[in-house]
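Each remark here refers to the structure printed beneath this line.
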Amino acid sequence: MTQPSIYQQVLDPANRANPYPLYAELRKTPVTREDDGTYVVSTYNELYALMHDPRVSSDPRSHPGVDGAAAANQGQPEPTLSFISHDPPEHDRLRELAMRPFGPPSTPGRIDDMRPWLTEITTDLIDKFADKNRVDIVDDFSYPLPVTAICQLLGVPLEDQPRFRQWADGLIETLDPATGSLEERMRKKAEVLADLGQYFSHLVDSRAGQPGDDLISGMLTDTGPHAPLSRDDILATAGLLLVAGHETTVNLITNGMLTLLRQPDVLDRLNREPGLIITLVEELLRYEPPVQMRTNRTTIADIDVDGTTIPKGSPLALMIAAGNRDPSRFADPDRFDPGRTDNAHLGFFGGIHYCFGAPLARTEGQVALSELARRLVNPRLVADPPPYRPNPELRGPRHLFIEYDAVLPARQEAGQAVSPGGSKLAASLQVRAARDESTCMCG
Ligand code: HEM
């Protein structure tokens, strides 16, 4: 039997807890070719160049295996692709229209204004830890926060949010390479998208009649130069935000807590220097990136990379997490340095597909980890390593059980920020969707 390649070993769930030695092995040969024709790229400069190369396509229709999958849809209409799956010029047009209601320069206060509200949710979740001394950081904390944030952003009413968690799980699961062939997954994806699309369709109708201060209303009422977004594009964008912003942020918070509990000196330092949280979250995105690799790219021309010609039509595996620990770019890359400033990590990708939600993800990570660090007395891990979900692309613990001696009271300002709707919010957060086995970020 032939020895599995290093890349195949990275994909093997048995190596999920610590893939970093394998990434170091991969970096010894910056570009390698797998038997199925995939080119694996693992060094910082080469990744950076490909992320910015217009000859690299994100459109699944450029991928050699997709024609058969479309045929397997057996007459079902193809779901509209969201902008993560488009190349320019369509990518840029759709992204710009979604960007305008999301942040500067058109809507400068959007994310900053969410900070008190995020603090309120975080406070509610940690308050519930008070009558126990052991919780699962994933199910009890990291998981509810991002989906609630995205629902708030999109203007989904509180009472509908538990359904959203189920859709998010369903969609993510059907997109996971481990859950079936490409054909099967595309068929199941279309089913979940149809349900989600129906819901969003109603929401769009209600916002069209009565626009609010949410992203869907913003997209509907845009009058900018590239407007309007079609109804299908609005639905696809809303679905994309739900999927792209969910599991990624769960993993940022969970990996963050795991890293802090493994290094109690850093946890103490954070409590002494709260401002450290800004560089600490950036370092997490470098050191334990929630998105470890992207396998959704295809070359649309021959491209020379580090002396290898990658032929037109080749699938790429862009190994973000390997590039983030490349010693030729980062000093002492295997050390978690919460104050690191020379930190142009690839955790949010690069180029035109640079993470759309980065400002929100950063804010969520900063608020969540600061509050956990401040309020839990003597927190400690129950198991190290924790159990991981099998997905190699969106890597994170399935559970992170921790124990602690006590929970300190919420900060006064956080307490004051709790609105009359706070208890309703807390009740909705108690509904926990069944966790899927593994997940994948797709559009
Ligand atoms: C820590 C959390 C997050 C991480 C690590 C992360 C990482 C990434 C990465 C690596 C990409 C590039 C994907 C690709 O091109 O294949 C990306 C794109 C994207 N992300 Fe995030 N993301 C996070 C949170 C969020 C949030 C909260 C949102 C939504 C509010 C979001 C929305 C998007 C969207 C829409 C894209 C597609 C951008 C485009 O194609 O132009 N992400 N993200």
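The values are calculated or read from the model by the stated rules, or taken from the named source; none is laboratory data. Computed from a prediction, not measured in an experiment: that's the story for all the values here. Glycine also receives a Cβ, built like all others from the backbone with ideal geometry; neighbour counts cover every protein chain displayed. What goes into the accessible areas is simple: the full protein's heavy atoms, side chains included, and nothing from ligands, DNA or RNA. Shrake-Rupley method; radii C 1.70, N 1.55, O 1.52, S 1.80 Å.
Out of Gln166, Gln161, Gln152, which single residue is surrounded by fewer than 21 Cβ atoms within 10 Å (Cβ to Cβ), within 15 Å of the ligand (Cβ to nearest atom) and polar (S, T, N, Q)? Reasoning before the result, please.
Numbers: Gln166 fails: within 15 Å of the ligand (Cβ to nearest atom); Gln161 fails: within 15 Å of the ligand (Cβ to nearest atom).
None of the others qualify; the one that does is Gln152.
From the list Pro101, Pro89, Pro60, which one is over 30 Å from Ser328 (Cβ atoms), at pLDDT below 95 and open to solvent by 30 Å² or more (accessible area, probe 1.4 Å)?
Of the residues listed, the single one that is over 30 Å from Ser328 (Cβ atoms), at pLDDT below 95 and open to solvent by 30 Å² or more (accessible area, probe 1.4 Å) is Pro60.
Just to be sure before I move on: is Glu120 open to solvent by 60 Å² or more (accessible area, probe 1.4 Å) and either under 29 Å from Arg411 (Cβ atoms) or assigned to a helix (DSSP H, G or I) (or both) in the structure I sent?
No: the conditions fail for Glu120.
Any idea which of Ala368, Ala361 is within 16 Å of the ligand (Cβ to nearest atom), at pLDDT 95 or above, within 23 Å of Phe129 (Cα to Cα) and not in a loop (DSSP other than H, G, I, E, B)?
Sole residue among the options that is within 16 Å of the ligand (Cβ to nearest atom), at pLDDT 95 or above, within 23 Å of Phe129 (Cα to Cα) and not in a loop (DSSP other than H, G, I, E, B): Ala368.
I'd like to check something: does the stretch 292-307 contain any residue that is within 24 Å of Val367 (Cα to Cα), crowded, with 22+ Cβ neighbours inside 10 Å and within 15 Å of the ligand (Cβ to nearest atom)?
We begin by selecting, within the stretch 292-307, every residue within 24 Å of Val367 (Cα to Cα); these are 292.
From what is left, the residues that are crowded, with 22+ Cβ neighbours inside 10 Å are 292.
Still in the list and also within 15 Å of the ligand (Cβ to nearest atom): 292.
Yes, some residue in the stretch 292-307 is within 24 Å of Val367 (Cα to Cα), crowded, with 22+ Cβ neighbours inside 10 Å and within 15 Å of the ligand (Cβ to nearest atom).
Return yes when Phe330 is surrounded by fewer than 23 Cβ atoms within 10 Å (Cβ to Cβ), in contact (Cβ under 8 Å) with a residue 24 or more places away in the chain and within 15 Å of the ligand (Cβ to nearest atom) and no when it is not. Give the derivation first.
On the way: surrounded by fewer than 23 Cβ atoms within 10 Å (Cβ to Cβ): yes; in contact (Cβ under 8 Å) with a residue 24 or more places away in the chain: yes; within 15 Å of the ligand (Cβ to nearest atom): no.
So Phe330 fails the test.
Considering the stretch 85-121 alone, what residues qualify as being β-branched (Val, Ile, Thr) and within 15 Å of the ligand (Cβ to nearest atom)?
Correct list: Thr107, Ile111, Ile121.
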